[in-house]
Amino acid sequence: MTSPTATPTPPHTPPHAPPHTRQGYAQPIGRARPANPAVRAFVTVFGLLVLLGAVGLYAVGAAVGGPRWNTTEFEGSAPLDGTREVVVSTHRADITVVSTSGADLTWTGQLAGNPDHLKDNAVDRSGERLTLSPELRGPLGLSNGFTLWGDRDHGQLTVDVPTSPLRDLRLETGTGDTSATGEWGHLSIDSGIGNVTLGGTTDSLDLSAGIGDVNGTLVVDGGPLTVRGGIGDISLTLVDAVPASVELSGGVGEVTLNLPPTTMGYVVGGGTGIGGTTNSLPGPTPDGIPVDAPVRVTVNGGVGGVLLGPSAP
């Protein structure tokens, strides 16, 4: 007669034990991430090099293939009654935005490409927001300038935005250089592939850089300054006023930020990336811009050095 086989009793676990110690708990599957910072940096840089190679291959293919179109000129205007925010969205164009004393939003442009890719109605309104977007999206909704057809569009767009009353401005770009000079309430930029040039005055600035350099001398008066780096160097000089706070998130490239002296100076925090942070910001001075407390500067470094220095008050 065969004796019954005893079933082993699972070990007892307290009811409030951590989940991973409980019987039958499946370990979660997370992202594989190298523990060594040097390995993580190598993986990041390698991935970015692959991306840049893909962009280069696209540029070569676009330059040698596809039909050549005549230049199409276009223009338009729109009233801004009840509009608080103006959004300019482009996919394949260099854009220049300036402030003006006029009453209506006006724009002029040229398209070196298929004229069928221009919208019949370039303006969309939603509440207090007006969006100007002259170009149709590419195949599969691609909006960054990459297309699946042989031809390649590229244009130039100039936009005049009235500043009375003061309005917020948001720029969303695909491929092409961007220039914004004027007077704004809040300035927000989300750039794709191309250089960005800034000037003028804004209460606050939120910049997400793509692939390309960012340069500018401007006034950020009393609101937050947020900069997220992409691939390329960033150099900004602030004059005549100071932001309420500064947050820099580095990408791949050097970041230079020059700030004017204040009566209470600056406090720098955050973490360094590959390249480190050099802090040469001016200390407190009675002749500086009056502030109630030291201005907080938070730096989250990327791949490249961060230089914080002085500018004229």
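The values are calculated or read from the model by the stated rules, or taken from the named source; none is laboratory data. Source: prediction; values computed, not measured. Because the Cβ atoms are built from the backbone with ideal geometry, glycine has one as well, and the counts that use them run over all protein chains shown.
Worth pointing out:
- One residue alone among Ala312, Ala293 is within 24 Å of Thr202 (Cα to Cα), modelled with pLDDT under 95 and part of a loop (DSSP other than H, G, I, E, B), and that residue is Ala312.
- Spans of strands (runs of 3 or more DSSP E) in segment 170-274 with at least 2 residues touching a residue at least 60 places away in the same chain (Cβ under 8 Å): 178-190, 234-238
- Being closer than 25 Å to Asp168 by Cα, among the small types (Gly, Ala, Ser) and surrounded by fewer than 18 Cβ atoms within 10 Å (Cβ to Cβ) holds for only one residue in Ser208, Ser280, Ser204, Ser188, and it is Ser208.
- Complete set of residues in segment 137-172 that are at pLDDT 95 or above and among the β-branched types (Val, Ile, Thr): Thr158, Val159, Val161
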